[in-house]
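No value in this document is a laboratory result; all are computed from the given coordinates. Keep in mind the model is a prediction, meaning the values are calculated, not measured. Ideal geometry is used to build each Cβ from the backbone, glycine not excepted, and the neighbour counts take in all protein chains shown.
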Amino acid sequence: APANRDALNRSRREVRSAASQPPPRERRGSWQGAAQPPRFSVPAASYEAVREDALDCIVETLARQLPPNYGRALLLRRLSQGEYEVDGRRLGVGWQGAEVVALIPKEDGSTVAEPFASFL
């Protein structure tokens, strides 16, 4: 019985500890330092960049400059450095000179570069 009581007390402490943690939305901030990017796409208007990634910071800025209705409707997710998913469509994002471009894959395996701001 004492072993069961100890297990029950440990379980109660774990539940109280978890309950005292703020919900994920209140633990705001980017997922920098996390092992993996968010599992789900987020509305472009609330996209948060990985601060160590200059290109991702520009993606955040451009996403937040969209008109409000578009920014709430367009879903954006960073898969890895320079790789994104926009409304379920995978694409690369990179530099072409001084401009940030979307590198859109074509069916033949090639890519088309389009200014990222106009792609959004």
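Net charge in the neighbourhood of R64 (other residues with Cβ under 13 Å of its Cβ; Lys, Arg +1, Asp, Glu -1) is -2. Taking a Cβ cut-off of under 13 Å around E85, the surrounding Lys, Arg, Asp and Glu residues balance to a net charge of +3, with basic ones at +1 and acidic ones at -1.
For L76, the amide hydrogen comes within under 5 Å of the amide hydrogens of V42, A44, D87, counting only partners 5 or more places away or on other chains and with H modelled in the peptide plane. A simple rule links phi to the HN-Hα coupling: the Karplus curve 6.51 cos²θ - 1.76 cosθ + 1.60 with θ = phi - 60°, which for the stretch 54-67 gives 4, 5, 5, 4, 5, 4, 4, 4, 5, 5, 7, 8, 5, x Hz, with x for Gly and Pro. Both the radius of gyration and Dmax for the stretch 48-120 are 11.8, 35 Å, in that order, over alpha-carbon atoms. Computed from phi, the 3J(HN,Hα) profile of the stretch 86-103 under the Karplus parametrisation 6.51, -1.76, 1.60 (θ = phi - 60°) reads 10, 6, x, 9, 7, 7, x, 10, x, 9, 10, x, 9, 10, 7, 10, 8, 9 Hz, with x in place of Gly and Pro. The local environment of E107, defined by Cβ-Cβ distances under 15 Å, has a net charge of +2 under the rule Lys, Arg +1 and Asp, Glu -1.
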